[in-house]
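Heads up, the thing below is written out as structure tokens.
The values are calculated or read from the model by the stated rules, or taken from the named source; none is laboratory data. Values in this document were obtained by computation on a predicted structure and should not be read as measured data. So basically every Cβ, Gly included, is an ideal-geometry build from the backbone, and we count neighbours across all protein chains shown. For accessibility, only protein heavy atoms count, side chains too; no ligands or nucleic acids. Shrake-Rupley method; radii C 1.70, N 1.55, O 1.52, S 1.80 Å.
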Amino acid sequence: MKRVQDPCMLFLAMLLSNGKCLQCQKKMRIFLVQMVWNSTSPPKTIWTSSNSENESKVGKLLQSQKGHFTKVSRSVNMENLQNGYLFPEIFMREFLHTQKYPNARVIRLGIGNTTEPIPDIITSTMAEHAHALATVEGYSGYGAEQGHMELRMSIAERFYKNMGIGGNEVFVSDGAQCDISRLQMLLGSNVTVAVQDPSFPAYIDSSVIAGRAGNFQQETGKYKNIVYLNCTPENNFFPDLSTASRADLIFFCSPNNPTGNAASWHQLKQLVEFAKANGSIIVYDSSYAAYISDGSPRSIYEIPGAREVAIEISSFSKFAGFTGVRLGWTVVPEELLYANGFPVIKDYNRIVCTCFNGASNIAQSGGLACLSAVGYQAITRVIDYYKENAEIIVDTFRSLGLKVYGGKNAPYIWVHFPGLSSWDVFNEILEKTDIVTIPGKGFGPAGEGYIRVGAFGHRETILEASARLRNLF
């Protein structure tokens, strides 16, 4: 740490030693390590592909030190990434705000991190499993890379009953976001990709890293080789598939992050038919399915024929508060075949066995507890709590005369500020209310003019945020 001379970094180090918020300490530790790492990088390699003003300033600040150059070229795909990943950028701006206003009581409604305790029935099960590891009888080492079969079968029974999904088609993992990258690894770099616009940034960024995106076009804010499926209020957040270009891989999230919209049965039927007609594979992200309140499908496999064209990824993170525990799953049906007739599930099994040693035994025991009758009821109560938070936020913005979407089938509220820059709205809300949101443009060009507000928070925090927002507008 002797190399750290910049006062900003020294201040971060001080906060790490004195801060009381463990989550803040974790974020600051990550940010500090990144800054220290970049401070040892040669000037020519700092932020070379970034357009971010903040990153540019940090890069110039750290260019005074020079180190040893290797002869290893940087990946052209990494250089093709635009800006920093959205959420670290949000944290950086939040940090700069707290430097400017050290006494600010910041409310974080941006990054979708759960806040309520995991029900005791689940944590006690994980604790018992952890303690059992200290005994000869209870100790276990490596498990199956695909996950414990009991949990795989329980997932199939709980979420895919009467849909024809078996436990052998469920692959337990350390989270949906990790599985997105494993699926990208599964397919060649010549595969074409389509995403909803707006959508979760990892779909696009992982496609760029895999070399599938093509060059970034500044004038449109899009990558040349990615098909952007426009999903806005004008088309009920579902793309016009009659005019959509074909792609090999279609990332589709429902309920959608960030808009909060859940696709209807008829819309998903159109999507499945579109994939069949074009020989495409759908990667369906159902991470927020537990929040659906209006009878919309919770799985793509509710649609006839989906087993032949779709992979589904999901997660315990927002469903059970496992954002830090880390547990998820991917379903790859046996009927899903490549163009040559080879089963996709066999290749995915090889990817998992090669790149992953299996989810934590302790986390998997917690997953089983979540899916028990008592555990599932306890989790549902927590989800209902977040839904009530969402109602408060929706009512707040609507009372201000703004168009509001989402919040009914997802823990995200999508608020429209017509004619305004989403980053400007983000900055104004942060500056005047000390509330962190997410600018819609960070989710794609179609997100411009919107902000995403999360419903994760203690009730008193949500009520305080509501009061601040009402006083702002």
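Annotation note: of 324, 279, 295, the sole residue that is of a type outside the set (A, V, I, L, M, F, W, C), more than 18 Å from the chain's Cα centre (by Cα), more than 18 Å from residue 410 (Cβ to Cβ) and open to solvent by 10 Å² or more (accessible area, probe 1.4 Å) is 279. Among the residues of this structure, residue 373 counts as one that is open to solvent by 40 Å² or more (accessible area, probe 1.4 Å), small (Gly, Ala, Ser) and without any contact (Cβ under 8 Å) to a residue 24 or more places away in the chain. Report, ordered by the first and then the second residue, all pairs with beta carbons closer than 7 Å, sequence separation of six or more or different chains, a first member in segment 246-263 that is on the phi > 0 side of the Ramachandran plot, and a second member that is open to solvent by less than 10 Å² (accessible area, probe 1.4 Å) and in a strand (DSSP E or B). Between residues of segment 246-263 that are on the phi > 0 side of the Ramachandran plot and residues that are open to solvent by less than 10 Å² (accessible area, probe 1.4 Å) and in a strand (DSSP E or B), the close pairs are 260/412; 260/413; 260/414. Of all the numbered requirements in (1) crowded, with 22+ Cβ neighbours inside 10 Å; (2) over 14 Å from residue 410 (Cα atoms); (3) of a type in the set (Ser, Thr, Tyr); (4) touching a Ser or Thr at 6+ places or on another chain (Cβ under 8 Å), residue 301 misses one, and that requirement is (4). Name the residues in segment 436-448 that are buried (at least 20 other Cβ atoms within 10 Å of the Cβ), touching a residue at least 24 places away in the same chain (Cβ under 8 Å), touching a helix residue (DSSP H, G or I) at 6+ places or on another chain (Cβ under 7 Å) and not hydroxyl-bearing (Ser, Thr, Tyr), would you? 436, 438, 440, 441, 442, 443, 447, listed by residue number. Look at (1) polar (S, T, N, Q); (2) open to solvent by less than 40 Å² (accessible area, probe 1.4 Å); (3) within 30 Å of residue 415 (Cα to Cα) and you find that residue 154 fails only one, number (3). When you look at residue 427, is it surrounded by fewer than 18 Cβ atoms within 10 Å (Cβ to Cβ), on the phi < 0 side of the Ramachandran plot, part of a helix (DSSP H, G or I) and free of Cβ contacts under 8 Å to residues at least 40 places away in the same chain, yes or no? Judged against the criteria, residue 427 is not a match.
Do any residues in segment 115-126 that are within 12 Å of residue 381 (Cα to Cα) have Cβ atoms under 6 Å from those of residues that are in a helix (DSSP H, G or I), where the two are at least six apart or on different chains, and which pairs are they? Close Cβ pairs satisfying both conditions: 116/382; 119/378.
The residues on offer are 292, 313, and the sole one that is touching a helix residue (DSSP H, G or I) at 6+ places or on another chain (Cβ under 6 Å), of a type outside the set (Gly, Ala, Ser) and at pLDDT 95 or above is 313.
Scanning segment 129-149 for residues that are surrounded by 14 or more Cβ atoms within 10 Å (Cβ to Cβ) and either closer than 17 Å to residue 369 by Cβ or free of Cβ contacts under 8 Å to residues at least 12 places away in the same chain (or both) yields 129, 130, 132, 143, 147, 148, 149.
Going residue by residue through segment 451-472, is there one that turns out to be surrounded by fewer than 20 Cβ atoms within 10 Å (Cβ to Cβ) and assigned to a loop (DSSP other than H, G, I, E, B)? Taking every residue of segment 451-472 in turn, at least one turns out to be surrounded by fewer than 20 Cβ atoms within 10 Å (Cβ to Cβ) and assigned to a loop (DSSP other than H, G, I, E, B). Considering the conditions (1) open to solvent by less than 50 Å² (accessible area, probe 1.4 Å); (2) aromatic (Phe, Trp, Tyr); (3) under 25 Å from residue 357 (Cβ atoms), residue 160 is excluded by exactly one of them, (3). Tallying residues that are of a type in the set (A, V, I, L, M) and surrounded by fewer than 22 Cβ atoms within 10 Å (Cβ to Cβ) within segment 228-258 yields 3.
Residue count for segment 347-365, restricted to those that are among the polar types (S, T, N, Q), in contact (Cβ under 8 Å) with a residue 40 or more places away in the chain and loosely packed, with under 14 Cβ neighbours inside 10 Å: 1.
Inside segment 187-263, counting only strands (runs of 3 or more DSSP E) that do not spill past its ends, which hold 1 or more residues that are within 17 Å of the chain's Cα centre (by Cα) and more than 23 Å from residue 87 (Cα to Cα)?
Working: elements: 193-197, 226-230, 249-253.
Ranges flagged: 249-253.
Just one of (1) modelled with pLDDT of 95 or more; (2) of a type in the set (A, V, I, L, M, F, W, C); (3) open to solvent by less than 50 Å² (accessible area, probe 1.4 Å) fails for residue 265. It is (3).
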